[in-house]
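Trainee: So that we are looking at the same thing, I have put the structure below in structure tokens.
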Amino acid sequence: RAKEWDGSRVEIYASHMHDRVVRRLELQTQLRQALAEGDFLLEYQPAVDLNTSKVTAVEALVRWQRDDEVWAPERFLGAAEESGLVVPLGEWVLTEACARVAEWRRLSWDIGLSVNLSVRQILSPRFVDTVSMALADSGLPAAALTMDVDEDVLLENPGEAVARLADLRALGVRLAIDDFGMGHASLAHLRRLQVDTLKIDASFVQDVDVDSTVQLLTQSIVSLGKNLGLRVVAEGIEEQGQLERLRDMGCTQGQGFLVARPMSAEGITALIEGEAAPER
Ligand code: C2E
Ligand code: MG
Ligand code: MG
């Protein structure tokens, strides 16, 4: 009896595994097709100077336009990463975003661009060439492009990733550590990469005006960035109190729903046109 019961459990477990694998494969097939058919789109989230409220940069964020739904990256980046499709997807993001921002800059809007990088992309053999081609084709100056790198980059294949990022840096492209915290990986990045920007993790920002420990930790990150001569950007600012606290700490740049949500390219154009309009 006990044997029978055990057997059925194993069977149920195996069939769950099977379903998951099948769903993953289906997703990968759909991703490949979406890439071929151009079903991805970019939203741009402004980053502003916390003292003047002027837009200093936009961050490109990828979305997947499915029949009647728009999927956020967390729903498909894992599968894209696993299948290697994140490499061509990342190339599309880079090319599209560089062209867009170069266009805005030609209208004399002095803004920078942030693009997120995945580990797979950095380790792909054509990575540095792709970036330099996106810059050459669009006419975007290398110094206007910042690439966001996060924790896991140095964990897998650290030597190789660091070398590729140094090549990138040699092009004049800037590097940011995304979701920067007090963890070992964040600090290791500072030692091993020539970093330009720290992006303070939204989890710190969330409690910066209510929790005194978080406040001290955040102040330490801001000071660390300043002492190293880096640009410090706070991410995920949702409330006025958080913005004021961060500004008082000496954090000069911020991003978050309070300031602006990610929006279409047309939305950014309208936003910057409004900003450029003479004050009445
Ligand atoms: P990230 O680079 O840290 O981007 C910030 C995320 O926080 C974005 O989510 C943005 O929409 C969201 N966000 C911004 N302000 C607020 C706020 O005030 N409150 C809250 N709750 N959220 C806020 P999104 O667009 O879903 O992207 C999630 C992550 O996916 C990004 O985190 C980035 O790691 C990754 N990602 C996005 N686009 C790309 C891409 O083109 N390539 C790669 N490799 N990764 C990407
Ligand atoms: Mg980012
Ligand atoms: Mg982030």
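The values are calculated or read from the model by the stated rules, or taken from the named source; none is laboratory data. The structure displayed is predicted, hence computed values, not measured ones. In this analysis, Cβ positions are derived from the backbone assuming ideal geometry, glycine residues included, and neighbour counts consider all displayed protein chains. The protein model used for the area step is the full one, side chains on, heavy atoms only, and it has no ligands, DNA or RNA in it. Shrake-Rupley method; radii C 1.70, N 1.55, O 1.52, S 1.80 Å.
Trainee: With unit charges on the beta carbon (Lys/Arg positive, Asp/Glu negative), name the residue among Val62, Ser83, Leu123 whose Cα is farthest towards the positive pole of the charge dipole of the range 1-157.
Mentor: Ser83
Trainee: Within the range 154-262, report the GluC sites (Glu not before Pro) that DSSP leaves as loop and that have at most 15 other Cβ atoms within 10 Å.
Mentor: The qualifying sites are Glu156, Glu238.
Trainee: Angle, helix 212-227 long axis vs. longest principal axis of the chain, Cα atoms, 0 to 90°, nearest 10?
Mentor: Tilt of helix 212-227: around 60 degrees.
Trainee: Give me the number: length gained by fully extending Arg66 to Ser15, i.e. 0.36 nm times residue separation minus the C-alpha to C-alpha distance, one decimal in nm.
Mentor: Going from the current span to full extension adds 15.6 nm.
Trainee: Against the longest principal axis of the chain, how steep is helix 158-170, in degrees 0 to 90 to the nearest 10, with axes from Cα atoms?
Mentor: Roughly 30 degrees between the two axes.
Trainee: What is the magnitude of the charge dipole of the range 109-246 about its Cα centre, with +1 placed on the Cβ of each Lys and Arg, -1 on the Cβ of each Asp and Glu, and no other charges, expressed in debye to the nearest 20?
Mentor: Details: 11 positive and 21 negative charges, 138 e Å.
With only Lys, Arg, Asp and Glu charged at Cβ, the dipole is about 660 debye.
Trainee: For every other residue with a beta carbon closer than 10 angstrom to the beta carbon of Glu82, add +1 if it is Lys or Arg and -1 if Asp or Glu, then tell me the sum. Provide the component values of the computation, followed by the final result.
Mentor: Details: positive: Arg24, Arg120; negative: Glu81.
Net local charge, Glu82 excluded: +1.
Trainee: Tell me the label-point distance for the pair Leu171, Glu266, using the 7 Å Cα-to-Cβ offset, in nm and rounded to one decimal.
Mentor: Each label point lies 7 Å from its Cα, and together they span 3.1 nm.
Trainee: For the pair Phe257 and Glu74, what calculated FRET efficiency results from E = 1/(1 + (r/R0)^6), where r is the Cβ-Cβ distance and R0 = 25 Å, to the nearest 0.05?
Mentor: Computed FRET efficiency for Glu74 and Phe257: 0.90.
Trainee: Ser108 accessible area, nearest 10 Å², 1.4 Å probe?
Mentor: 100
Trainee: Related question: How far is helix 265-276 tilted off the main Cα axis of the chain, in degrees rounded to 10, range 0 to 90?
Mentor: 10
Trainee: Another question, then. Once you order the gyration tensor axes a ≥ b ≥ c over the Cα atoms, which shape class does the range 126-280 get: rounded for a/c under 1.5, otherwise prolate or oblate by comparing a/b with b/c?
Mentor: In terms of gyration-tensor shape, oblate.
Trainee: Over 34 Å apart: what share of the alpha carbon pairs of the chain falls there, rounded to a whole percent? Walk me through the numbers before you get to the answer.
Mentor: Details: 9921 of 39060 pairs.
Cα-Cα pairs of the chain separated by over 34 Å account for 25 percent.
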